[in-house]
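Written out below as structure tokens is the structure these notes cover.
The values are calculated or read from the model by the stated rules, or taken from the named source; none is laboratory data. Computed from a prediction, not measured in an experiment: that's the story for all the values here. Neighbour counts are summed over all protein chains in view; Cβ atoms, including those assigned to glycine, are modelled from backbone coordinates with ideal geometry. Ligands, DNA and RNA are excluded from the accessible area calculation, which covers all protein heavy atoms including side chains. Shrake-Rupley method; radii C 1.70, N 1.55, O 1.52, S 1.80 Å.
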Amino acid sequence: MQQRILGQQGLVVAEIGYGTMGTAIGYGPSDDTESIGAIRRAFELGTTHFDTARMYGWGDGEKLLGAAVAPFRDEITVATKFGIEFEPGRGFVPDSSPDKIRRVVDDSLRNLDVDHIDVLYQHLPDPNVPVEEVVGVMKEYVDAGKVRYLGLSNTDAEGVRRAHSVHPISVLQAEYSIFAHESETFFPVLEELGIGLVAYSPLARGFLGGSVEPRTAYTADDFRQFIPWWAPENFAANVDIVRELTRLAQSKGATLSQLALAWLLARKDYVVPIPGSRNTNRVAQNIAASELVLTETDLDRIAELAPNGGVGGSA
Ligand SMILES: NC(=O)c1ccc[n+]([C@@H]2O[C@H](COP(=O)([O-])OP(=O)(O)OC[C@H]3O[C@@H](n4cnc5c(N)ncnc54)[C@H](OP(=O)(O)O)[C@@H]3O)[C@@H](O)[C@H]2O)c1
């Protein structure tokens, strides 16, 4: 698979990565054996970048990824994230207090069973802790050899600039897909500072996988019930877009998910999508998107079909 450079600090990864969120939370029940098989299949097919976070099962997702990649850990890069906690009654809350970061990162190293984390992200800005202070703590781990590269997620351009002034940021992780274009507003700051973009939810949380169901079909632990793309007033319009995108994909001998991933690869050469799938066949399908070349006519047609992304937004 083609490699891509993320940032200016030496991080190089295969152009299609793997996101592990669904192995722990978000998309209904998972089978750990199947998830481990899917992660290993991704590696066999050339993926070298694997993404997790503390909040994906509060350590369980990290443990699963660590076990799955143990046989080839030195041949890949592992990313994890701190900065979101769960408080009863309040739900998910940002927490990047310095002591908490240290406790969480030490836990992540243990959960992943690694001596270093390749990419450490702040998952979400914390309004109570200036990003300069957060990056100062992250830098302690770089200085100690326990973290290689720094990243940010779910922040704004000003947050990126402020963080980068303390220690070089290699990568921003943000939602980006044919259905979610907002991340394109980051292009100028990323290009100015030489930072890569990891595209999360590149298949629009499965909407661009082609097997989408109305929200009532999902179990209570499936996040998709709360996403506006699935709201009854938006669902049919989004299904219509997907139908036309699927026609375009088929005309090229490709699947919808391959079209969606190839579109991201065509946008900028510093974009790396991290689709998540717990199924070996779907993993293989997604990785084969690396072979799909979209023409200007294809890109124009996609822009015509989804000029503003999916109807209703993702949050
Ligand atoms: N930084 C953040 O705040 C943040 C937020 C969200 C996600 N992320 C990261 O981004 C990664 C990917 O995002 P995501 O998991 O939300 O969404 P995604 O990759 O856009 O979509 C995942 C969903 O699509 C299905 N799927 C995958 N490939 C498919 C295919 N070829 N055909 C049909 N369905 C397919 C998966 O089901 P199966 O598993 O059943 O195949 C799963 O339900 C996450 O795993 C996580 O690492 C980060």
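Ala68 passes every criterion in (1) small (Gly, Ala, Ser); (2) surrounded by fewer than 24 Cβ atoms within 10 Å (Cβ to Cβ); (3) touching an Asp or Glu at 6+ places or on another chain (Cβ under 6 Å) apart from (3).
Within region 267-315, being within 13 Å of the ligand (Cβ to nearest atom) and free of Cβ contacts under 8 Å to residues at least 12 places away in the same chain holds for one residue alone: Asn281. Note on region 248-272: residues that are among the hydroxyl-bearing types (Ser, Thr, Tyr), more than 16 Å from the chain's Cα centre (by Cα) and surrounded by 19 or more Cβ atoms within 10 Å (Cβ to Cβ) amount to 1. Considering the conditions (1) without any contact (Cβ under 8 Å) to a residue 60 or more places away in the chain; (2) not in a helix (DSSP H, G or I), Gln173 is excluded by exactly one of them, (1).
Condition check for Asn279 on (1) within 26 Å of Gly196 (Cα to Cα); (2) in contact with an Asp or Glu (Cβ under 8 Å, 6 or more places away or on another chain); (3) among the polar types (S, T, N, Q): one failure, at (1). For region 177-203, taking the residues that are more than 13 Å from the ligand (Cβ to nearest atom) and small (Gly, Ala, Ser), the one that is surrounded by the most Cβ atoms within 10 Å (Cβ to Cβ) is identified as Gly196.
Listed conditions (1) closer than 17 Å to Tyr27 by Cα; (2) surrounded by 23 or more Cβ atoms within 10 Å (Cβ to Cβ); (3) more than 11 Å from the ligand (Cβ to nearest atom) are all met by Ala231, apart from (2). Against the numbered list (1) under 19 Å from the mean Cα position of the chain (by Cα); (2) surrounded by fewer than 18 Cβ atoms within 10 Å (Cβ to Cβ); (3) within 15 Å of the ligand (Cβ to nearest atom), Ala174 comes up short only at (2). For region 141-155, a tally of residues being touching a residue at least 12 places away in the same chain (Cβ under 8 Å) and open to solvent by 50 Å² or more (accessible area, probe 1.4 Å) returns 3.
Residues in region 261-293 that are more than 21 Å from Glu182 (Cβ to Cβ) and either out of contact with any Gly (no Cβ under 8 Å at 6 or more places or on another chain) or not in a helix (DSSP H, G or I) (or both): 13 in all. Could you please let me know if Gly206 is within 13 Å of the ligand (Cβ to nearest atom), in a loop (DSSP other than H, G, I, E, B) and within 22 Å of Pro29 (Cα to Cα)? It is false that Gly206 is within 13 Å of the ligand (Cβ to nearest atom), in a loop (DSSP other than H, G, I, E, B) and within 22 Å of Pro29 (Cα to Cα). Free of Cβ contacts under 8 Å to residues at least 12 places away in the same chain and under 20 Å from the mean Cα position of the chain (by Cα): is that true of Phe207 in this structure? Considered against the rule, which asks whether it is free of Cβ contacts under 8 Å to residues at least 12 places away in the same chain and under 20 Å from the mean Cα position of the chain (by Cα), Phe207 comes out as no.
Here is a yes/no grid of residues against (1) buried (at least 23 other Cβ atoms within 10 Å of the Cβ); (2) part of a loop (DSSP other than H, G, I, E, B); (3) of a type outside the set (A, V, I, L, M):
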site	(1), (2), (3)
Met1	no, yes, no
Gln8	no, yes, yes
Val13	yes, no, no
Thr23	yes, no, yes
Ser30	no, yes, yes
Thr33	no, no, yes
Ile36	no, no, no
Ala42	yes, no, no
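Listed conditions (1) over 22 Å from the mean Cα position of the chain (by Cα); (2) surrounded by 15 or more Cβ atoms within 10 Å (Cβ to Cβ); (3) within 15 Å of the ligand (Cβ to nearest atom) are all met by Thr219, apart from (2).
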